[in-house]
Amino acid sequence: MKLDNLLFGAAYYSEYMPYERTDKDMQLMKDACMNVIRIAESTWSTWEPADNVYNFEKLHGMLKAAEAHNMKVIIGTPTYAIPPWLYEKYPDILAYTKNGRELYGHRQLTDITNPHYLFHAERIIRKLMDEIKDYPHIIGFQLDNETRSAGAASPETQKLFVAKMKEKYKDIDKFNDEFGLDYWSNRITSWETFPDVRGTINGSLSAAYKRFLRDCITDFLKWQSDILKEYMRPEQFITHNFDFSWIGHSFGIQPEVNQFDAVKCMDIAGVDIYHPSQDKLTGAEIAFGGAVGRALSGNAGGMYDSSSESALSDNGSNYIVLETQSQGNLSWLPYPGQLKLQAYSHLSSGASGVMYWNWHSIHNSFESYWKGVLSHDLTPSDDYYELKSFGQEMRRLEPHLRNLKKLCSAAILTDNQSLVGLDEFPISDKLNYNEILREFYDSCYELNLECDIVSKDSDFSQYSLLIIPALYSASEELISKIKDYVRCGGQIILGFKSCFSDEELKIYHEIQPYLMTDCIGASYSRFTRPENTGLRFTKDFCDTSSDISDTVYPVTEWIELLRADSAEVWASYVHKYWGNFSAVTYNKFGKGGALYIACHTTKDALKLIIKKMCGLSNIKLTDFTFPIIKKSGINEAGKMINYYFNYSSNPEKFVYDGPTGTELISGSPIKTGDETTLPEWSIIITESSIH
């Protein structure tokens with residue numbers, strides 16, 4: 001679903017304010033060229049203070065003020081944080097987990113399969129929609145908020161899981177065999193006596209239950225979507241604010257949600273992207289989140305094929321950043337120029353909107369020090385004025401920037417079941433799936449190789465290069481699909497610990513990597529955690545202009561003792577005993593080729609490998625690398641848009657490599673080959689004809 005205008009705004013909560021100032025806030029937003037607010041998703045207890053007693057006065061006040069100031073509105077369903085009276089009436093609404101019953105207070109601790117919860121959630125959604133359905137400036141609806149299943153494992157929820165297993169495995173003996181339940185006498189004799197999954201020592205069964213909970217989220221969001229569609233107008237959209245794994249900021253793919261499935265009930269995907277700032281601002285988290293957002297919106301770059309099945313039906317739909325930071329947490333107060341840089345970073349990844357959490361810093365409770373656009377004194381400061389400057393500039397450039405169509409020749413394959421598999425069977429306490437994924441993604445990012453994110457169900461045949469990190473769980477069907485991609489001319493980088501187990505995490509009992517040995521031209525059966533080990537690239541890998549064969553790159557956490565067959569050895573281990581084994585191989589297979597990395601090494605080594613494979617894939621990289629980042633796309637007029645960012649506190653020089661055209665912010669002409677200096681934390685945007 002394409003949007004007519006770029007969305008720029010913030011979450012707004014008059015119910016949190018110490019005094020009434022809605023009209024003043026709306027005017028400040030309009031002055032900053034903001035055009036949208038997101039409201040209503042956080043305060044069920046305000047809208048329904050007692051059972052079946054409603055008070056929407058503040059909601060109508062916000063809606064009327066927004067209408068008076070010509071502001072668009074996204075309404076969120078308020079179901080992710082329940083009111084106290086609901087818990088008091090039905091204590092079993094709170095999830096029952098490994099640790100027992102959750103305590104009331106925090107959000108997202110509800111059992112979303114609980115019938116009492118679903119009854120009251122539907123009732124408040126319908127009451128809310130009855131109140132607001134006729135406001136003309138409501139453009140869309142957000143389902144819930146970063147939905148979680150809370151690890152729910154009540155007897156009732158587990159019965160739903162057992163029913164799913166019974167449906168999939170009609171023969172219980174087949175179920176026992178697939179999950180290896182003879183081990184430690186775990187064999188199940190009947191579905192009726194299925195043991196409590198909270199105590200299982202079987203990683204496959206544990207992972208199957210986690211997958212069931214992810215499916216519960218998909219069903220829950222679809223259920224809400226169906227309710228909303230009874231009230232919506234054709235021009236309105238449904239979205240959700242998908243988030244990511246978390247290490248103090250947004251990081252890798254979300255382990256608790258099958259996002260590629262959940263998005264199918266929506267018109268446009270939303271994402272929440274939070275990232276380091278100040279000296280730690282790199283833009284990598286913004287780019288990664290944007291790649292996920294594009295994939296969920298069915299607009300994975302220039303490789304989108306309207307004839308293929310995608311998550312969303314409308315070719316060209318982009319995603320919305322429903323939440324990102326302005327000031328954020330204590331260490332994120334942006335340096336001058338960073339807020340503008342961040343906002344353009346989202347647009348350059350293909351976002352159709354940027355919205356902040358939140359407009360105003362709140363004065364009590366859990367997120368008091370997660371600061372908004374306005375500080376606690378509620379007066380405009382440097383951050384507001386920088387966003388105002390961005391808003392004015394963005395509105396001037398909007399016809400050139402909206403609905404950007406991304407062009408990516410490379411993609412990275414991600415997989416939830418592999419993520420869970422490496423949680424159940426960890427490589428080490430220092431290395432999980434998302435850390436491996438981000439090492440590959442960040443290496444590409446720093447080389448200015450823009451990548452799409454794809455899933456196992458995606459059509460990746462249109463990419464020149466497919467990067468596959470740690471595909472621990474791979475069905476025979478997926479393995480065959482990857483091999484067909486290579487046979488037809490694709491190039492792959494296949495990472496260690498891939499194609500090791502099936503969909504239920506049962507380890508394949510043949511030589512590894514399973515069914516891929518002919519494709520990669522190598523195999524292994526032994527692996528270990530290395531000590532004092534490195535890798536050195538061979539002469540076959542190094543080109544004549546850059547001999548790196550004397551450099552040793554550290555190898556940590558994991559190595560496979562790989563033996564090359566038909567493959568060329570591109571790197572070997574540096575170790576007294578492991579030195580005869582291969583660390584990196586490359587094999588021609590059909591019309592394409594497969595590079596295999598048998599160990600965990602450094603980003604510097606990964607970058608060399610990726611550069612080499614880009615050459616074999618006919619992908620041209622820039623002559624400059626991070627902190628100068630280039631991001632590109634095609635605008636609605638069919639012109640090439642190139643963004644150049646300086647993620648650094650120092651001025652940086654580079655040679656402009658785009659076509660001759662116009663620098664949009666200044667309006668100045670720019671020519672191919674011009675030496676250009678970007679001041680600290682700054683950006684230029686160029687527009688040019690494609691031919």
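Please treat every number below as a calculation from the coordinates, not as lab data. The shown structure was predicted, so the numbers you read here are calculated from the model rather than taken from an experiment. Positions of Cβ are backbone-derived with ideal geometry, glycine not excepted, and every protein chain shown enters the neighbour counts.
Here are some notes:
- Peptide packing: for 562-575, 466-479, the average count of neighbouring Cβ atoms within 10 Å per residue gives the ranking 466-479, 562-575, highest mean first.
- The charge dipole of the chain, taken about its Cα centre with unit charges on the Cβ of Lys, Arg, Asp and Glu (plus for the first two, minus for the last two), comes to roughly 660 debye.
- Remark: C-alpha extents of region 410-616 on the principal axes read 41, 33, 32 Å, sorted largest to smallest.
- The DSSP beta bridges internal to the chain are antiparallel in roughly 55% of cases.
- Order of ILE559, ILE238 - criterion: other Cβ atoms within 10 Å of each residue's Cβ, fewest first: ILE238, ILE559
- Neighbour-count ranking [beta-carbon atoms within 10 angstrom, fewest first] of PHE288, PHE8: PHE8, PHE288
- Charged neighbours of GLY673, selected by a Cβ distance under 12 Å, balance to -3 (K, R count +1; D, E count -1).
- Whole-angstrom gap from region 116-156 to region 600-653, using each part's C-alpha centre: 41
- Neighbourhood net charge (14 Å Cβ-Cβ; Lys/Arg +1, Asp/Glu -1) for GLY151: +2
- In the chain, taking the dipole from charged Cβ atoms about the Cα centre, the farthest positive-side position among ASN448, VAL263, GLN142 is held by ASN448.
- Sum of side-chain charges, ILE227 neighbourhood, beta-carbon under 14 Å (Lys, Arg +1; Asp, Glu -1): 0
- Helix-derived mean residue ellipticity, 222 nm - over the chain, DSSP H n ≥ 4, -39500 (n - 2.57), to 500: -9000 deg cm²/dmol
- Amide H within-cut-off set for GLU48, under 5 Å, with H built and near neighbours excluded: ASN55
- Note on LYS388: lysines with a C-alpha under 19 Å away, same-chain residues under 8 apart excluded, are LYS24, LYS30, LYS72, LYS340, LYS371.
- Highest-first packing order for the peptide set 632-643, 323-334 is 323-334, 632-643, based on the mean count of other beta carbon atoms within 10 Å.
- Rh (Kirkwood; distinct C-alpha pairs) - region 628-688, Å: 11.6
- Put simply, when 614-621, 361-368, 448-455 are sorted by average Cβ atoms within 10 angstrom per residue, most first, you get 448-455, 614-621, 361-368.
- Distance from region 551-585 to region 487-541 (C-alpha centre basis), Å: 11
- Calculated from backbone phi, Karplus (6.51, -1.76, 1.60) coupling profile of region 215-226 in Hz, x at Gly/Pro: 5, 4, 5, 4, 5, 5, 5, 5, 4, 5, 4, 4
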